[in-house]
1. Relative contact order, percent, of the range 119-183 when contacts are C-alpha pairs under 8 Å separated by at least 6 residues?
2. Connecting C-alpha atoms closer than 10 Å in a GNM of the chain, tell me which of F76, F131, F93 has the biggest fluctuation.
3. State the number of lysine pairs found in the chain whose Cα atoms come within less than 18 Å, restricting to pairs 8 or more positions apart or on distinct chains.
4. Per residue, what volume in Å³ does the convex hull of the Cα atoms of the range 135-183 enclose?
5. Under the √(5λ) rule applied to the eigenvalues of the Cα gyration tensor, what semi-axes describe the equivalent ellipsoid of the chain? Give them in Å, descending.
6. Can you tell me the orientation of helix 3-41 relative to the chain, as the angle in degrees between its alpha-carbon axis and the longest Cα principal axis, to the nearest 10?
7. What relative contact order, as a whole-number percentage, does the range 37-183 give when Cα pairs under 8 Å and 6 or more residues apart are counted?
8. Between S6 and S46, what is the spin-label point distance in nm, taking each point 7 Å from the Cα along the Cα→C-beta axis?
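No value in this document is a laboratory result; all are computed from the given coordinates. These numbers were taken from a predicted model, which means no experiment stands behind them. All Cβ positions, glycine included, derive from the backbone under ideal geometry; neighbour counts span all protein chains shown.
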Amino acid sequence: MEPNKSRRSFLSRLVWLGAGLAIGAASGVAYVNYLQTEKDSKRESSVSLGKVTDYKVGEMKYIEPSYMVFRTENGFQAISALCTKEGCSRKPFTAADANHPVSYSVCPCCGSVFSRAGEVLSGPATKVLPFFAMTMDSIGRLTLDTGRFDSNDPYAQRTGKGVSNALYLNPDTRKMEMGPIPG
C-alpha cells in the first residue's frame, strides 16, 4: 500500500469520526433541551406558599422548587428563581451596591445578574425573569399560579409566561393590583 493512500485513508476516517462526534454532541444537546422542556411543562401550575402571616414586610423567601416570594408595603410578588440562561437556581437578591444601583441576584452557574424587577443587568442571559400571579383564600393561604399568562402585558410578553413585574397581590383585597416596578 502506498504511504499517501494510508495517510489519506487515516485522515478520511478522522474527518468522519469528527463529523460523527459533532452530530452526536448536537443530538445530545437537543435531547437535554427536550428533557428540560418536558420537566418545565410537568411543573405544577399552582404552588402552596403558606399563610400571609408567615411573611414579614420586607422579607423574601425561597419556595421549592424554584420561586422567590417577596412581601413589600404594596403586597406580595413571586418571581422565578431560575436563571433564564442555564436554568440554575439563582442566589437570593441582595441590596444595591457600588456595582449595581438596584437590588440584584447572581446566577452561580453563568454569572448573569438580574435586578429585583426581573431585568438582566449583565449576561450572558438575555431573557428577563418571569413574575407569577398569586391568590389568597379567605383564611390567608397564599397560592402561586404559574399557569396564568397575561398576553397583553409587555413585560409578560418578553418572558412568554407569567404576569407584569408591577403586579402585586394585595392582602387586604385578595386581588392582584398594579403597583410600582420593584427596585
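1. 27
2. Highest fluctuation of the listed residues: F93.
3. 10
4. Taking the convex hull of the Cα positions in the range 135-183, it is 88 Å³ per residue.
5. The equivalent ellipsoid of the chain has semi-axes of 45, 18, 13 Å.
6. Helix 3-41 and the main axis of the chain meet at about 20 degrees.
7. 21
8. Rounded to a tenth, the inter-label distance reads 7.4 nm.
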